[in-house]
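Take a look at the structure below.
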Amino acid sequence: KNTARADHGQACGRQPRTEWFKYAVGLGVVLFTFLALLAVSGWSLRPVQVMVWNNSQGILNFVTAVVQTDPASRPFHDLLLTGGHGPVMIALPPGNLLMGSSDSEAERFPSEAPQRKIQLERFAVSIGEISFDDYGRFVSATGRRLPEDEGWGRGERPVIHVSWHDAVNYTRWLSAQTGQRYRLPSEVEWEYLARAGSTTPFSTGSCIHTDLANYNGKFDYARCGARTGVQRGQTLPTSALPANPWGLYHVHGNVWEWVEDCWHTNYQQAVASAAAWTQGQGGQCERRVIRGGSWRFKPGYLRSAARLWSETDESSQDIGFRVVRDL
């Protein structure tokens, strides 16, 4: 077999092994220098399979090498002036979003139309909803009262019974503590992170199951074949179920999430911008948008495009929030 391989190599004009060896050595030097520069610059490395010439056998072998990974894709947290750290964050890539739902999407609402295309820059988002532990640092530092937990426990469960104003005050405190700009996501940013590159009703596809999200499992979405009967009746810890393709937990279900935008009945006059849509064009700023659905709601409300509103001074056992950070 070795002879046949050598004969075939000669017939194809294969270079002498000494030339291949020089090439491999040169490639190795370049690769070593490249990896050294990555290490100095703070980029992380991940294993991949690459082809390398085996000089002793005269064949190509597959070996494990490493390539760069953008440090922005790694979870991180900012330190707080009062000690401890802020919520775990992850940076999302820039990209385009087709926001809203089409007429053919089951259980859609008129408020999700018309669809529009929006371009987004990079930003960071908390990988889960803000937990009682996260919010507790804010409460301790400011002398506020810790919200009720309905007897379900606190810790890593999402903080509930927080109004829109409470959520905004937390982001302002977090900004002052870290020197970074934290805020609630805009509605555009929220749908972008929820879809995670998908165009289906859920980031999981055209169907969702109770082993993927916390919702009222007595109901099936559009008869898609989901198992029914699982109704937990309370929140779950912020990373209890699988993350979406971008590493974000409980975007669908668990608790509704406050966003920055004032409530508008549809997108008819919306600007194609990633910024929050607040004043003007009939915006009702005493009502703010909530996204994502919750443990109490049917699966149709968990769709990436679904949207409701709540009064800014109201709080509930199934409304929480997550935060974003400018990069």
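Where a number appears in this text, it was derived from the coordinates with a stated rule and is not lab data. Please read these numbers as outputs of a predicted model, since none were measured by experiment. Methodologically, a virtual Cβ is constructed for each residue, glycine included, from the backbone with ideal geometry; neighbour enumeration extends over all protein chains shown.
Summing +1 for each Lys or Arg and -1 for each Asp or Glu, what net charge is found among the other residues whose Cβ lies under 14 Å from the Cβ of Lys117?
Overall, the nearby charge balance is +1.
For a test of the definition: using alpha carbon positions, the gyration tensor, and the 1.5 limit on a/c, classify segment 234-327 as rounded, prolate or oblate. Since a/c reaches 1.5 and a/b is larger than b/c, the shape of segment 234-327 is classed as prolate. Normalising the average separation of contacting C-alpha pairs (under 8 angstrom, six or more residues apart) by the number of residues puts the relative contact order of segment 73-326 at 26 percent. Taking other C-beta atoms within 10 Å as the exposure proxy, Trp190, Trp258 rank Trp190, Trp258 from fewest upward.
Fully extending the segment from His165 to Glu148, taken as 0.36 nm per residue of separation minus the present Cα-Cα distance, adds 4.5 nm. Summing charges over all other residues whose Cβ lies under 9 Å from the Cβ of Gln180, with Lys and Arg as +1 and Asp and Glu as -1, gives 0. Arranged from fewest to most other beta-carbon atoms within 10 Å of their beta carbon, Arg195, Arg288 become Arg195, Arg288. If R0 is 25 Å, the Cβ-Cβ spacing of Glu107 and Gln284 corresponds to a FRET efficiency of close to 0.55.
Exposure proxy for Glu286, Glu112, Glu156: other Cβ atoms within 10 Å of each Cβ, ordered fewest to most, give Glu286, Glu156, Glu112.
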